[in-house]
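The structure under discussion appears below in the form of structure tokens.
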Amino acid sequence: MRELVERLSRALGADRVMWGATPAQRTDWVGHVGGDVLAAVHPQTTDEVALVLRLAVASATPVQVQGGNTGLVGGGIPPSQDGVSDPLPLLLCTDRLTGISDTDPVTGQLTARAGTTVADVQRAAESMGWVYGVDLAARDSATIGGTVATNAGGIRVCAYGTTRAQVVGVEAVLADGSVVSDLRGFAKDNTGYNLVGLLCGSEGTLAIVTAARLRLWRPPP
């Protein structure tokens, strides 16, 4: 396991691979406390996420994904070992996968990376004359990747639907490090599997979402 952490440190940089987890990373907002981790890693690109997963698979190391850690049911914190001798997991944090790109004020779409906060997306949408359909109290720390993974609803759900209704494209990394991506945002695309429908609400069991193409709404009068 030490070799895995050292390889990750060489690949990502020592400042983005930390032995163990901080108390904040192990505790959610209602006080659930998770178990230990081998290391916390902070990739900055989709390719780096893929690298982390490939190395983890090669060494049979489990991975726990954490976004803004704003959940209330312990889903974002490392699982408690409770005496089990399985390998400690890596904590893959998406906090440095940030940024908004490909904004389109005509069709009302933008692409947000997984670590971008809901509040940042809201501000970007408003600057274009649109509204993002998801809002919740944790907007300043809840991330797009986390809200996609949990299909978050929030206080606008009756007007605009859950997060699934806002996502028109997705980029994600599978457990073996393979990248699947379709961020074109086509309104009509009936070819192949519906990646958005599969990954929204999948809670990280199918893939790690690294970016999402989001639809926006005209502001109410």
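Does Leu55 count as open to solvent by less than 30 Å² (accessible area, probe 1.4 Å), over 20 Å from Glu203 (Cα atoms) and not in a strand (DSSP E or B)? Yes; evaluated as a whole, the condition is true for this residue.
Residue pairs whose Cβ atoms lie under 6 Å apart, separated by 6 or more positions or on different chains, with the first residue in segment 178-193 and in contact (Cβ under 8 Å) with a residue 60 or more places away in the chain and under 13 Å from Arg215 (Cβ atoms) and the second part of a strand (DSSP E or B) and not aromatic (Phe, Trp, Tyr), are Leu183/Thr111; Leu183/Gly169; Leu183/Glu171; Leu183/Arg213; Gly185/Gln109; Gly185/Val168; Gly185/Gly169; Gly185/Arg213. The lone criterion from (1) open to solvent by 20 Å² or more (accessible area, probe 1.4 Å); (2) under 16 Å from Ala212 (Cβ atoms) left unmet by Arg123 is number (2). Of everything listed in (1) modelled with pLDDT under 95; (2) open to solvent by 70 Å² or more (accessible area, probe 1.4 Å); (3) in a helix (DSSP H, G or I), the single unmet condition for Gln25 is (2). Can you find, within segment 95-120, the residue that is most open to solvent (accessible area, probe 1.4 Å) among those that are under 11 Å from Ala142 (Cα atoms) and among the β-branched types (Val, Ile, Thr)? Out of the qualifying residues, it is Thr117.
So that you can scan it fast, the table gives a plain yes or no per residue for (1) more than 22 Å from Pro221 (Cα to Cα); (2) at pLDDT 95 or above; (3) of a type in the set (S, T, N, Q); (4) assigned to a loop (DSSP other than H, G, I, E, B):
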residue	(1), (2), (3), (4)
Ala112	yes, yes, no, no
Arg123	no, yes, no, no
Glu126	no, yes, no, no
Asp135	no, yes, no, yes
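Screening Thr210 with (1) within 15 Å of the chain's Cα centre (by Cα); (2) open to solvent by 50 Å² or more (accessible area, probe 1.4 Å); (3) not hydrophobic (A, V, I, L, M, F, W, C) gives one miss only, at (2).
The set of residues in segment 1-49 that are of a type in the set (S, T, N, Q) and under 17 Å from the mean Cα position of the chain (by Cα) comprises Gln25, Gln44, Thr45, Thr46.
Against the definition (surrounded by fewer than 18 Cβ atoms within 10 Å (Cβ to Cβ), in contact with a strand residue (DSSP E or B) (Cβ under 7 Å, 6 or more places away or on another chain) and touching a residue at least 40 places away in the same chain (Cβ under 8 Å)), how does Thr45 come out, yes or no? Against the criterion (surrounded by fewer than 18 Cβ atoms within 10 Å (Cβ to Cβ), in contact with a strand residue (DSSP E or B) (Cβ under 7 Å, 6 or more places away or on another chain) and touching a residue at least 40 places away in the same chain (Cβ under 8 Å)), Thr45 does not qualify.
The values are calculated or read from the model by the stated rules, or taken from the named source; none is laboratory data. Predicted, not measured: the structure shown is a model, and the values here were computed from it. Counting neighbours? That spans all protein chains shown, and the Cβs are built from the backbone with ideal geometry, glycine included. SASA here: full protein model, heavy atoms, side chains in, ligands and nucleic acids out. Shrake-Rupley method; radii C 1.70, N 1.55, O 1.52, S 1.80 Å.
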